[in-house]
Every structure is written in structure tokens, then in C-alpha cells.
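What follows is a single structure, and I will ask about it in a moment.
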Amino acid sequence: MSTELIYGIHAVSALLERTPERFIEVWALKGRDDERLQPLLAELESLGLKVQSVNRKTLDDKAEGNNHQGIMAKVIEAPKLAEHDLANLLDELAAQQSQPFLLVLDGVTDPHNLGACLRSADAAGVHGLIVPRDKATGLTPIVRKVACGAAEVVPLIQVTNLARTLRELQERGVWIVGTAGGARHDLYPAQLTR
């Protein structure tokens, strides 16, 4: 069983809401009486999880200096999603007669940027985010924290060959729209209704 660390109020809350069975251990900053943190700690404890009170240095060390917001959890690692999971997602959307709305990113290596993209994708109603497996960041504790819970909602699918995946999406009837800073047309007036 592989484990991972998550931290931040929104990341821990989202995981608690969606898959509470993944929690193994929880640490909270000793003496922090925060109106956002206390209800979360109470909910964790109501599920039978013992929250360990620790000093700031312990949390800082575990978070490797990143902003943990006074809470951190060791959890069972989420399964990594790949090409076959994308096919399953597309089949599910077709069964629901929903048009797939996917965000494809290439070369995003900064976990803060990927977390922000996940957050925006969630707000926009994206069904899945596709990134290459190599030369790009995956789901890390930083990505999960910056995503503010969106990493638990929007599936992140890592593919081996992005160009091949785009071709396969086109073959399944998914429209591919790209963006560029120097484009002559603006995204917002575009009619993307199919």
C-alpha cells in the first residue's frame, strides 16, 4: 500500500468529503484555534481518526517548508489515472449523453501552476484534465493544496503520448480547440456548443 502526504485545509476537507477511508494519520498544529480548522478536526475525530497535536517544526519538516495551514494527513495514495481511464471517462460521458469537456496541458512542470489549472478546471466544469506522464508535474502535495480540493474532483489523467491521445480524442468525435497568445480570435465570443 503506497501512501502520500496531503496538507492544507481545503485539500484535507475535499479528501474527507470524497474518500474518508483513505486517511491513515492526521497531524494538526498544537494550540491553533482557528474557526476554519476546528470543524475539520471535529469531523475527522467523529470518524474515529485520532488527530495528533504537533509543534510547527514537525509540520514544517513534514511539508518540506511548504504552507500546510496547520493540518497534514498521511493517506492511502490515490490510483494514478492513465489512457484506459480516459477511455472509461469518455464512455461514461457518452452513456450520460454529455459532451466531454477536457483540458489538455503540455509542459506544466510547476506544481503551483498545475494546482491553479485544476482549480480553474473545476470552476469551469471540466470533466478531466490530461497531462503527459513525462516532462510535466503530476499530483503532488503542493498541487493538491493549491488546487483547494479540485484535485479530488477533477480527474488528472497522465498519458504516455499526448499527440496520440489528441488524435484518439478526435477519432471519438471530441472537438480539439487550442489556444495561443498571438491568436487573431478571442476565446470568449467563440460558440463552443458542441
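Identify, please: which residue in the range 92-110 is touching a Lys or Arg at 6+ places or on another chain (Cβ under 9 Å) and open to solvent by less than 90 Å² (accessible area, probe 1.4 Å) and is, among those, farthest from A124 (Cα to Cα)?
Taking the candidates together, the pick is G107.
In addition: When the residues of the range 37-59 are narrowed to those that are without any contact (Cβ under 8 Å) to a residue 24 or more places away in the chain and of a type in the set (S, T, N, Q), which ends up surrounded by the most Cβ atoms within 10 Å (Cβ to Cβ)?
So the first thing to find is which residues in the range 37-59 are without any contact (Cβ under 8 Å) to a residue 24 or more places away in the chain, and the list is 38-39, 42, 45-46, 48, 57.
Those still in the list that are of a type in the set (S, T, N, Q) too: 38, 46.
Values: Q38: 12, S46: 8.
Top of the filtered list is Q38.
Please go through the range 60-72 and give me each residue that is surrounded by 12 or more Cβ atoms within 10 Å (Cβ to Cβ) and assigned to a loop (DSSP other than H, G, I, E, B), ordered by number. Give the derivation first.
First, the residues of the range 60-72 that are surrounded by 12 or more Cβ atoms within 10 Å (Cβ to Cβ): 60, 62-63, 66-72.
A63, N66, N67, H68, Q69, G70 - these are the residues of the range 60-72 that are surrounded by 12 or more Cβ atoms within 10 Å (Cβ to Cβ) and assigned to a loop (DSSP other than H, G, I, E, B).
List, please: which pairs have Cβ atoms under 6 Å, are six or more places apart or on different chains, and start with a residue in the range 113-128 that is assigned by the TED database to the domain that holds V143 and end with one that is part of a helix (DSSP H, G or I) and open to solvent by less than 10 Å² (accessible area, probe 1.4 Å)?
L114/V143; G115/V143; L118/A150; R119/A150; D122/A150
Are there any pairs with C-beta distances below 8 angstrom linking a residue in the range 1-22 that is of a type in the set (S, T, N, Q) to a residue that is open to solvent by 50 Å² or more (accessible area, probe 1.4 Å), with the two at least 6 apart or on different chains, and if so which?
S2/I76; S2/E77; T3/I24; T3/K74; T3/I76; T3/E77
Out of the range 111-123, which residues are open to solvent by 60 Å² or more (accessible area, probe 1.4 Å) and among the small types (G, A, S)?
Once the filter is applied, which keeps residues that are open to solvent by 60 Å² or more (accessible area, probe 1.4 Å) and among the small types (G, A, S), the range 111-123 yields S120, A123.
Could you list, in sequence order, all residues of the range 11-36 that are in a helix (DSSP H, G or I) and either among the basic types (K, R) or surrounded by fewer than 18 Cβ atoms within 10 Å (Cβ to Cβ) (or both)? It would help to see each step written out before you state the result.
Of all residues in the range 11-36, those in a helix (DSSP H, G or I) come to 11-18, 20-22.
If the condition is that a residue be in a helix (DSSP H, G or I) and either among the basic types (K, R) or surrounded by fewer than 18 Cβ atoms within 10 Å (Cβ to Cβ) (or both), then E17, R18, P20, E21, R22 are the ones that fit.
The values are calculated or read from the model by the stated rules, or taken from the named source; none is laboratory data. On a predicted model such as this, the values are computed, not experimentally measured, just so you know. Neighbour counts are summed over all protein chains in view; Cβ atoms, including those assigned to glycine, are modelled from backbone coordinates with ideal geometry. All accessible areas refer to the heavy atoms of the entire protein, side chains included, with ligands and DNA or RNA removed. Shrake-Rupley method; radii C 1.70, N 1.55, O 1.52, S 1.80 Å.
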